[in-house]
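The values are calculated or read from the model by the stated rules, or taken from the named source; none is laboratory data. These numbers come from a predicted model, not from an experiment. Backbone-built Cβ (ideal geometry, glycine too); neighbour counts: all protein chains shown. The area values use the complete protein model at the heavy-atom level, side chains included, leaving out ligands, DNA and RNA. Shrake-Rupley method; radii C 1.70, N 1.55, O 1.52, S 1.80 Å.
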Amino acid sequence: MAKQTRDAEFTEFVAARAPWLRKVAYLLCGDWHRADDLVQESVTKLYVRWSRLSRLENLDGYARTVLVNTFLAEQRSPWGRWAARRRTGAVPEPAAAGPDLDLSVDLRRALAALPPRQRATVVLRHYCDLTVEQTAAALGCSTGNVKSQTSRGLDALRRSLDQQDRQDRTERTTRADRTERTTRTDLPELRDLRPAVPVEGAAS
């Protein structure tokens, strides 16, 4: 009976928190399929310890920490490094359409380019809204490390977005110039404007 109660509590928790954990996982890894795998791995770890965890006050925080540590452990593995190299330069799959879709894609691309620990720090601080102290506890590092990683991560994001913005403006200018040149090239020669039938009184 106790096991049935425990399983019911666990199922209820996972059903309520899985979408949120999946979003965090996606921001960490930049791939929805891998995000699902990360959530599944994290949920499995939670289930093994559930009899002790269900009494925690901040169960959400613990689940988030497990997810982040699972992601970071993956990045240190040979498979994780290989997968990260495969994703380098790829455009992250958009989460959903919206008015700022282009900006969202650019931001996810820039986020995916950050080193894993920097990315985790930025996600915890600015997506999960954790304090410096909470982020340090989740990552098992000092508050000074959190501050430096956050600062470097945000600087890198700004540089990447500025570079993308300049590139987009250049591409728009290039397309406009190309369109203008094409329009001018397509203008008929003056001799093509002569009437096919001679006009009476015109000079021969």
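Can residue 155 be described as outside any helix (DSSP H, G or I), surrounded by fewer than 16 Cβ atoms within 10 Å (Cβ to Cβ) and modelled with pLDDT of 90 or more?
On the way: outside any helix (DSSP H, G or I): no; surrounded by fewer than 16 Cβ atoms within 10 Å (Cβ to Cβ): yes; modelled with pLDDT of 90 or more: yes.
So residue 155 does not fit the description; no.
Quick check on the stretch 166-182. Is at least one of its residues open to solvent by 100 Å² or more (accessible area, probe 1.4 Å), of a type in the set (Asp, Glu) and modelled with pLDDT under 85?
No, the stretch 166-182 contains no residue that is open to solvent by 100 Å² or more (accessible area, probe 1.4 Å), of a type in the set (Asp, Glu) and modelled with pLDDT under 85.
Looking only at the stretch 4-26, count every residue that is more than 19 Å from residue 61 (Cβ to Cβ) and open to solvent by 70 Å² or more (accessible area, probe 1.4 Å) and tell me the total.
Adding up the residues that qualify gives 2.
Under 8 Å between Cβ atoms, which residue pairs at least 6 apart in sequence (or on different chains) link something in the stretch 1-29 that is of a type in the set (Val, Ile, Thr) with a partner that is surrounded by 17 or more Cβ atoms within 10 Å (Cβ to Cβ)?
14/43; 14/46; 24/64; 24/67; 24/68; 24/123; 24/128
Taking into account only those residues within the stretch 30-76 that are outside any helix (DSSP H, G or I) and under 16 Å from the mean Cα position of the chain (by Cα), which is surrounded by the most Cβ atoms within 10 Å (Cβ to Cβ)?
Within the stretch 30-76, the subset outside any helix (DSSP H, G or I) is 30-31, 49, 54-58.
So of that shortlist, the ones also under 16 Å from the mean Cα position of the chain (by Cα) come out as 30-31.
Values: 30: 21, 31: 19.
Checked the stretch 30-76; the qualifying residue surrounded by the most Cβ atoms within 10 Å (Cβ to Cβ) is 30.
Considering every residue within the stretch 79-99, establish whether at least one is in contact with a helix residue (DSSP H, G or I) (Cβ under 6 Å, 6 or more places away or on another chain) and modelled with pLDDT of 75 or more.
no
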